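A quick write-up on the structure given underneath.
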There are 2 protein chains.
Amino acid sequence: MTLKLDKVNRGPHLSTLVASSISREIAQGRLKPGDQLPTEAALATTFGVSRNVVREAIARLRSEGRIWSQQGRGAFVAESNNPTVLTIDYETLQRADSFRNLFELRGILEVQAAALAAKRRSDADLKAMGDALSGMRAAPYGSVAWLRSDLEFHRTVAEATRNSYMGQFLVFVSERVRESILAAGNQQKSDDMARITLGEHERIFAAIRNGDVEGAQAAMRDHLAGAALRVGLHDGEAAAEAAPVPEVPSPVRHSRLRKAIRGQA
Amino acid sequence: MTLKLDKVNRGPHLSTLVASSISREIAQGRLKPGDQLPTEAALATTFGVSRNVVREAIARLRSEGRIWSQQGRGAFVAESNNPTVLTIDYETLQRADSFRNLFELRGILEVQAAALAAKRRSDADLKAMGDALSGMRAAPYGSVAWLRSDLEFHRTVAEATRNSYMGQFLVFVSERVRESILAAGNQQKSDDMARITLGEHERIFAAIRNGDVEGAQAAMRDHLAGAALRVGLHDGEAAAEAAPVPEVPSPVRHSRLRKAIRGQA
DNA sequence: CAATCAGGGTTGTATGATAACACGACAACG
DNA sequence: CGTTGTCGTGTTATCATACAACCCTGATTG
């Protein structure tokens, strides 16, 4: 048996701890927008780490848009909560209503993507979709290969919109949804479902091939409604039950510093 | 006259350039999931920067979930194309077709958000929207206060969807669009536009207040079509002549290195 | 054959030094 | 008095080097 210990060692680098610590200061309002952070040297001594570590932490916060810095002046808390990156908190997603919201957003994107795809698809797109469908027919329902083909089909639809951002967003949202479903692990499989799911996909494909915008939207909407049911979401306004994720303890290294950092939070 | 020279110094830190470069390698498939990256020392020499810079770049990519690293072994491209964050490259957005794509995506989200808002808005939501509209009436067109009120109105609409992810995504996309418009700076203002824009907002507000889903969608669609024109995008399928943003010559520092990095993209 | 251990390679961290830049103080100048 | 030029100080950005922690491999040893 292969134990699964991966994904556990969620990188407890020092820079991560420092970044989290500063992040908390900002989130809890002890550092207000526009405020200047202490100098790198000062942060290094207060945290008891090297200036290098502080710099990596600041680089990270800067890339997240939380702070900005200018050579010769200092680092400052960003004015507006205007993050340059969009991130979805894994823990939040465990809440049923959050999951339903994300599923709703995915639905909106998928349906409109289907509409655009029906308008703009090229022959190459149609071939790619067809290949993905073949892959789904060949693989057993729920297998890895099947899932890959499923994802592939949706990806090709997104691609056919000729809008790369549509693809990016869709993939991002779908991935989060998929993760959450896998974590919950409460999906029952059956041969019936295989047939039904495949049929839904084929209707989407046909509509897109025929350039039937409304049909593609409708077919995609049906597919997502079906998927919602299969995942345990009552359609409409009802809530889903997602299993909470177990807390994972992180291995202890640099315990002295960590304690110092954690302590002052 | 107040010249606008801010926002130009978009942080071209070396670590940013290195991170972008590696990111591209991954996105374009030259580095496949599971692949091991060159060692930090190797990257440092190939990029012609210090190992410290490389480390900051890697720290950033790691925090974005694109790669993971283990002490003593090396850094590896993350298995699933499972970036935990979604980012929009500022440079890419300068291309007219990219901007049009993002604008299209924004439109989709706004229109559907308007629909959901018409279904789910509460009295508090309506009051907030009304306040935002008042703010727009009071402020001169194009002023900072006006822009703030405009943003505020759209934010309240997103809020009324009762779907926090919708709000997050919408704000994120809108911010990028707004930044790009400001950077281009090719918007002409007139009193007519003030009246027209305000009227568009009021129609959206009215439809949402009346719970008119289709009307809200239509009004929002009109508003966005208008906004597209005002920004210089031809509506529909026509290509946009978004004035290509003037290349901002970043003050020359480390020009040799930059060239090397840019060159190998 | 199995366990141990030595060595090299790699990342994580520390430290010091230098360059680039911002800002205020202050003098020189009109 | 106001403006401009210069300089010194403080800060970030980058470089360079060294060491610690850790992984992997392979030889040594019992």
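Just so you know, all these numbers are worked out from the coordinates, no wet-lab data involved. Note that the structure is a prediction, hence the values are computed from the model and not measured. Virtual Cβ from ideal backbone geometry, glycine too; neighbours counted across all protein chains shown.
Here are some notes:
- Histogram of C-alpha separations across segment B:78-213, 5 Å bin width, %: 2, 10, 18, 19, 21, 15, 9, 4, 2, 1, 0
- Each 10 Å bin from zero holds the following percent of Cα-Cα pairs in segment B:1-160: 9, 24, 24, 20, 17, 6, 0.
- √(5λ) per eigenvalue of the Cα gyration tensor, segment B:14-85, largest first, Å: 18, 13, 11
- Looking at segment B:14-65, the trypsin sites (Lys or Arg not before Pro) that sit in a DSSP loop and have at most 13 other Cβ atoms within 10 Å of their own Cβ are B:ARG30.
- 3J(HN,Hα) along segment A:40-53: 4, 4, 4, 4, 4, 6, 5, 7, x, 10, 7, 5, 4, 4 Hz, from the Karplus curve 6.51 cos²θ - 1.76 cosθ + 1.60 with θ = phi - 60°, whole Hz, x for Gly and Pro.
- Full extension of the chain segment joining A:GLN28 with A:ALA96 gains 21.9 nm, where the gain is 0.36 nm per residue of separation less the Cα-Cα distance.
- Taking amide H as placed 1.01 Å from N in the peptide plane, B:LEU31 has its amide H under 5 Å from the amide H of B:ILE26, each at least 5 places away in sequence or on another chain.
- Enclosing the Cα atoms of segment B:133-212 in their convex hull gives a volume equal to 90 cubic angstrom per residue.
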